[in-house]
Amino acid sequence: MAKKIPLERILHNQGFGARKLCRIMVWNDEITVNGQPCDDPNAEFDLENLQYTVRGEAWNYREKSYLMLHKPSNYECSHKTQHHPTIYSLLPHPLVVRDVQCIGRLDEDTTGLILISDDGQFIHRMSSPKHKVPKVYEVTCKHPVDESQIAHILKGVQLIDEDAPIAALTCTKISDHVIHMTLAEGKYHQVKRMVAAISNRVEGLKRIQIGQLKLPDDLAVGEWRWLSEDDMAKLSSE
Ligand code: URA
(Lines give C-alpha, C1' and ligand atoms only; values in the text may rest on other atoms or scores of the structure.)
Protein backbone atom coordinates (compact mmCIF):
# COMPACT_ATOMS: atom_id res chain seq x y z
CA MET A 1 0.00 0.00 0.00
CA ALA A 2 1.25 3.51 -0.84
CA LYS A 3 2.74 5.37 2.11
CA LYS A 4 0.81 8.43 3.27
CA ILE A 5 2.66 11.64 4.14
CA PRO A 6 1.57 14.56 6.36
CA LEU A 7 0.50 17.66 4.41
CA GLU A 8 3.02 19.90 6.17
CA ARG A 9 5.86 17.67 4.99
CA ILE A 10 4.49 17.43 1.44
CA LEU A 11 4.37 21.22 1.10
CA HIS A 12 7.86 21.56 2.55
CA ASN A 13 9.28 18.93 0.15
CA GLN A 14 7.60 20.61 -2.80
CA GLY A 15 9.42 23.88 -2.07
CA PHE A 16 6.84 25.94 -0.19
CA GLY A 17 9.20 26.85 2.64
CA ALA A 18 10.14 25.84 6.16
CA ARG A 19 7.84 23.32 7.84
CA LYS A 20 6.69 25.93 10.33
CA LEU A 21 5.66 28.25 7.50
CA CYS A 22 3.86 25.39 5.70
CA ARG A 23 1.99 24.58 8.92
CA ILE A 24 0.86 28.20 9.22
CA MET A 25 -0.36 28.25 5.59
CA VAL A 26 -2.47 25.16 6.30
CA TRP A 27 -3.88 26.64 9.51
CA ASN A 28 -4.68 29.85 7.58
CA ASP A 29 -6.90 27.92 5.12
CA GLU A 30 -4.53 28.64 2.24
CA ILE A 31 -4.38 25.02 1.04
CA THR A 32 -6.77 22.63 -0.66
CA VAL A 33 -5.95 18.99 -1.39
CA ASN A 34 -7.66 16.98 -4.13
CA GLY A 35 -10.34 19.65 -4.33
CA GLN A 36 -11.08 19.86 -0.59
CA PRO A 37 -9.94 22.53 1.89
CA CYS A 38 -7.61 21.11 4.53
CA ASP A 39 -6.63 22.97 7.72
CA ASP A 40 -4.84 20.08 9.45
CA PRO A 41 -1.05 20.12 8.81
CA ASN A 42 -0.82 16.51 10.05
CA ALA A 43 -3.50 15.15 7.71
CA GLU A 44 -1.86 12.41 5.66
CA PHE A 45 -2.17 11.96 1.90
CA ASP A 46 -1.18 9.41 -0.69
CA LEU A 47 1.28 11.12 -3.05
CA GLU A 48 0.08 9.39 -6.20
CA ASN A 49 -1.85 11.80 -8.45
CA LEU A 50 -2.02 14.26 -5.56
CA GLN A 51 -3.32 17.68 -6.60
CA TYR A 52 -3.31 20.65 -4.31
CA THR A 53 -3.65 24.42 -4.38
CA VAL A 54 -1.58 26.97 -2.50
CA ARG A 55 -3.28 30.38 -2.20
CA GLY A 56 -5.45 29.43 -5.17
CA GLU A 57 -2.60 28.28 -7.41
CA ALA A 58 -2.93 24.69 -8.66
CA TRP A 59 -0.05 22.20 -8.35
CA ASN A 60 0.44 18.48 -8.91
CA TYR A 61 2.69 16.59 -6.53
CA ARG A 62 5.98 15.87 -8.28
CA GLU A 63 8.73 13.72 -6.85
CA LYS A 64 11.18 15.44 -9.24
CA SER A 65 10.79 18.48 -11.49
CA TYR A 66 11.47 18.42 -15.24
CA LEU A 67 10.80 21.55 -17.23
CA MET A 68 11.72 23.47 -20.33
CA LEU A 69 12.22 27.22 -20.64
CA HIS A 70 12.31 29.47 -23.68
CA LYS A 71 15.29 31.54 -22.61
CA PRO A 72 15.15 35.23 -23.51
CA SER A 73 18.17 37.28 -24.46
CA ASN A 74 19.83 39.27 -21.67
CA TYR A 75 19.30 36.60 -19.00
CA GLU A 76 22.13 34.62 -17.42
CA CYS A 77 22.06 30.88 -16.74
CA SER A 78 23.54 31.18 -13.30
CA HIS A 79 22.31 31.78 -9.77
CA LYS A 80 24.87 34.49 -9.10
CA THR A 81 24.63 36.73 -12.12
CA GLN A 82 26.97 39.53 -13.14
CA HIS A 83 25.15 41.81 -15.59
CA HIS A 84 21.63 40.52 -16.21
CA PRO A 85 18.80 38.85 -14.31
CA THR A 86 18.99 35.12 -13.76
CA ILE A 87 16.81 32.70 -15.74
CA TYR A 88 15.70 31.31 -12.36
CA SER A 89 13.75 34.54 -11.81
CA LEU A 90 11.43 33.34 -14.62
CA LEU A 91 10.39 30.26 -12.59
CA PRO A 92 7.95 29.95 -9.68
CA HIS A 93 9.71 30.37 -6.34
CA PRO A 94 8.98 26.81 -5.03
CA LEU A 95 10.95 25.35 -7.95
CA VAL A 96 13.93 27.53 -7.13
CA VAL A 97 13.68 26.44 -3.48
CA ARG A 98 13.77 22.85 -4.76
CA ASP A 99 17.12 23.80 -6.27
CA VAL A 100 16.35 23.11 -9.90
CA GLN A 101 19.36 23.55 -12.20
CA CYS A 102 19.61 24.31 -15.89
CA ILE A 103 21.18 21.56 -17.97
CA GLY A 104 24.02 23.16 -19.88
CA ARG A 105 24.28 26.91 -20.04
CA LEU A 106 23.43 29.27 -22.86
CA ASP A 107 25.25 32.58 -23.27
CA GLU A 108 23.44 35.66 -22.05
CA ASP A 109 22.66 36.76 -25.63
CA THR A 110 21.53 33.26 -26.75
CA THR A 111 17.82 32.45 -26.76
CA GLY A 112 15.88 29.22 -27.01
CA LEU A 113 15.36 25.84 -25.44
CA ILE A 114 16.84 25.07 -22.06
CA LEU A 115 16.04 22.10 -19.82
CA ILE A 116 15.78 22.49 -16.06
CA SER A 117 15.50 19.81 -13.37
CA ASP A 118 16.27 18.81 -9.79
CA ASP A 119 16.93 15.18 -10.75
CA GLY A 120 20.70 14.68 -10.55
CA GLN A 121 20.70 11.51 -12.67
CA PHE A 122 18.68 13.16 -15.42
CA ILE A 123 20.94 16.22 -15.37
CA HIS A 124 23.98 13.97 -15.64
CA ARG A 125 22.54 11.89 -18.49
CA MET A 126 21.57 14.97 -20.50
CA SER A 127 24.79 16.90 -19.93
CA SER A 128 27.52 14.27 -19.76
CA PRO A 129 29.89 14.47 -22.77
CA LYS A 130 29.76 10.65 -22.85
CA HIS A 131 26.10 10.69 -23.92
CA LYS A 132 26.61 13.24 -26.72
CA VAL A 133 23.01 14.46 -26.72
CA PRO A 134 22.73 16.45 -29.99
CA LYS A 135 21.62 20.06 -29.85
CA VAL A 136 20.40 22.08 -32.82
CA TYR A 137 21.09 25.81 -33.09
CA GLU A 138 19.66 28.38 -35.45
CA VAL A 139 22.56 30.65 -36.25
CA THR A 140 22.24 34.06 -37.88
CA CYS A 141 25.57 35.04 -39.38
CA LYS A 142 26.92 38.52 -40.14
CA HIS A 143 28.08 37.58 -43.67
CA PRO A 144 26.28 35.37 -46.21
CA VAL A 145 27.19 31.72 -45.70
CA ASP A 146 28.61 29.91 -48.72
CA GLU A 147 28.91 26.20 -49.48
CA SER A 148 32.63 26.08 -48.71
CA GLN A 149 31.96 27.41 -45.18
CA ILE A 150 29.31 24.75 -44.63
CA ALA A 151 31.66 22.07 -45.93
CA HIS A 152 34.35 23.33 -43.54
CA ILE A 153 31.99 23.14 -40.53
CA LEU A 154 30.99 19.61 -41.51
CA LYS A 155 34.59 18.52 -42.03
CA GLY A 156 35.73 20.01 -38.73
CA VAL A 157 37.28 23.29 -37.59
CA GLN A 158 40.27 23.66 -35.32
CA LEU A 159 39.46 25.68 -32.21
CA ILE A 160 42.13 27.17 -29.97
CA ASP A 161 42.67 24.96 -26.89
CA GLU A 162 41.19 21.88 -28.57
CA ASP A 163 43.38 18.90 -29.50
CA ALA A 164 41.49 17.92 -32.63
CA PRO A 165 39.16 19.61 -35.13
CA ILE A 166 35.47 19.63 -34.18
CA ALA A 167 32.77 19.00 -36.76
CA ALA A 168 29.04 19.73 -36.63
CA LEU A 169 26.84 16.65 -37.04
CA THR A 170 24.70 18.58 -39.52
CA CYS A 171 24.89 22.06 -41.02
CA THR A 172 22.06 23.22 -43.26
CA LYS A 173 21.67 26.53 -45.04
CA ILE A 174 18.24 28.03 -44.33
CA SER A 175 18.81 31.40 -46.03
CA ASP A 176 21.78 33.54 -47.04
CA HIS A 177 22.62 34.43 -43.46
CA VAL A 178 20.95 31.64 -41.47
CA ILE A 179 22.15 28.07 -40.87
CA HIS A 180 21.00 25.23 -38.64
CA MET A 181 23.87 23.45 -36.92
CA THR A 182 23.70 20.26 -34.84
CA LEU A 183 26.44 19.76 -32.28
CA ALA A 184 27.24 16.68 -30.22
CA GLU A 185 29.31 18.61 -27.67
CA GLY A 186 28.62 21.64 -25.49
CA LYS A 187 31.95 23.39 -25.33
CA TYR A 188 32.34 26.98 -24.18
CA HIS A 189 30.99 29.39 -26.85
CA GLN A 190 31.19 26.49 -29.27
CA VAL A 191 28.90 27.79 -32.01
CA LYS A 192 30.41 31.27 -31.91
CA ARG A 193 33.95 29.89 -32.03
CA MET A 194 33.15 27.48 -34.87
CA VAL A 195 31.52 30.22 -36.92
CA ALA A 196 34.46 32.55 -36.23
CA ALA A 197 36.78 29.77 -37.45
CA ILE A 198 35.11 29.90 -40.89
CA SER A 199 35.69 33.69 -41.05
CA ASN A 200 32.12 34.60 -40.26
CA ARG A 201 30.46 35.95 -37.11
CA VAL A 202 27.38 35.00 -35.08
CA GLU A 203 24.85 37.83 -34.89
CA GLY A 204 21.97 35.80 -33.43
CA LEU A 205 21.87 32.40 -31.75
CA LYS A 206 18.86 30.33 -30.74
CA ARG A 207 18.77 26.71 -29.55
CA ILE A 208 15.83 25.07 -31.28
CA GLN A 209 16.18 21.39 -30.35
CA ILE A 210 17.73 19.07 -27.75
CA GLY A 211 17.77 15.37 -28.65
CA GLN A 212 14.45 14.82 -30.43
CA LEU A 213 12.73 17.55 -28.43
CA LYS A 214 12.00 20.73 -30.40
CA LEU A 215 11.35 24.14 -28.87
CA PRO A 216 7.53 24.30 -29.14
CA ASP A 217 6.19 27.08 -31.37
CA ASP A 218 3.65 28.03 -28.71
CA LEU A 219 6.17 28.42 -25.88
CA ALA A 220 6.68 32.20 -25.85
CA VAL A 221 10.01 33.79 -24.99
CA GLY A 222 10.41 33.83 -21.20
CA GLU A 223 7.79 31.11 -20.63
CA TRP A 224 8.39 27.69 -19.07
CA ARG A 225 6.38 24.48 -18.93
CA TRP A 226 6.58 21.02 -17.40
CA LEU A 227 8.02 18.32 -19.66
CA SER A 228 5.28 15.89 -20.68
CA GLU A 229 5.76 12.12 -20.89
CA ASP A 230 6.05 12.54 -24.63
CA ASP A 231 8.79 15.17 -24.20
CA MET A 232 10.67 12.87 -21.80
CA ALA A 233 10.45 10.02 -24.31
CA LYS A 234 11.97 12.30 -26.96
CA LEU A 235 14.88 12.99 -24.63
CA SER A 236 15.42 9.42 -23.50
CA SER A 237 15.61 8.12 -27.06
CA GLU A 238 19.14 9.56 -27.18
N1 URA B 1 27.37 27.97 -28.47
C2 URA B 1 27.61 29.26 -28.19
O3 URA B 1 28.53 29.86 -28.73
N4 URA B 1 26.81 29.90 -27.29
C5 URA B 1 25.76 29.29 -26.69
O6 URA B 1 25.04 29.92 -25.89
C7 URA B 1 25.51 27.94 -27.01
C8 URA B 1 26.33 27.31 -27.89
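The values are calculated or read from the model by the stated rules, or taken from the named source; none is laboratory data. It should be emphasised that the depicted structure is a prediction, and the values quoted were computed from it without experimental measurement. A quick note on method: Cβ atoms are made from the backbone with ideal geometry, for glycine too, and the neighbour counts reach across all protein chains shown. What goes into the accessible areas is simple: the full protein's heavy atoms, side chains included, and nothing from ligands, DNA or RNA. Shrake-Rupley method; radii C 1.70, N 1.55, O 1.52, S 1.80 Å.
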Original post:
Under the rule of -39500 (n - 2.57) per DSSP H run of 4 or more residues, summed and divided by the residues of the chain, what mean residue ellipticity at 222 nm is obtained, to the nearest 500 deg cm²/dmol?
Top reply: -6000 deg cm²/dmol
Subject >> Computed FRET value (nearest 0.05) for ILE5 with ASP161, which takes r as the C-beta separation and R₀ as 30 Å >> reply: 0.05
**OP:** Could you tally the net charge around ASP118, taking each other residue with its Cβ under 9 Å from the Cβ of ASP118, Lys/Arg +1 and Asp/Glu -1?
**Re:** 0
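How do 145-156, 11-22, 34-45, 105-116 rank on mean C-beta neighbours within 10 Å, highest first?
The peptides rank, most packed first, as 105-116, 11-22, 145-156, 34-45.
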**OP:** Quick one: go through segment 197-238 and flag any residue whose amide nitrogen is under 19 Å from the point 7 Å out along the Cα-to-Cβ line of LYS130.
**Re:** 236-238
Subject >> segment 122-231: chymotrypsin sites (Phe, Trp or Tyr not before Pro) in DSSP coil with no more than 11 other Cβ atoms inside 10 Å >> reply: TYR188
Subject >> Accessible surface, segment 56-186, averaged per residue in Å² (probe 1.4 Å) >> reply: 51
Original post:
Of all the accessible heavy-atom surface of segment 27-162, with the other protein chains kept in place and a 1.4 Å probe, what percent is carbon and sulfur?
Top reply: 47
Subject >> Cβ charges +1 (Lys, Arg) and -1 (Asp, Glu), total dipole of the chain, debye >> reply: 540
Original post:
Tell me which lysines have Cα within less than 30 Å of LYS132's Cα, excluding those fewer than 8 residues away on the same chain?
Top reply: LYS64, LYS71, LYS80, LYS142, LYS155, LYS173, LYS187, LYS192, LYS206, LYS214, LYS234
Subject >> Relative contact order computed over the chain (Cα-Cα under 8 Å; 6+ residues apart), in percent >> reply: 19
Original post:
Given the convex hull of the Cα atoms of segment 17-98, what is a quarter of its surface area in nm²?
Top reply: 6.7
Subject >> Cα gyration tensor shape of the chain, rounded if a/c is under 1.5, else prolate or oblate by comparing a/b with b/c >> reply: prolate
**OP:** Under a 10 Å cutoff between Cα atoms, tell me which one of GLU162, GLU76, GLU63 has the largest fluctuation in the Gaussian network model of the chain.
**Re:** GLU162
Original post:
For segment 134-210, with only Lys/Arg (+1) and Asp/Glu (-1) charged at the beta-carbon, what is the dipole magnitude about the Cα centre, in debye rounded to 20?
Top reply: 220
Original post:
Taking only C-alpha pairs under 8 Å that are 6+ residues apart, what is the relative contact order of segment 4-60 in percent?
Top reply: 36
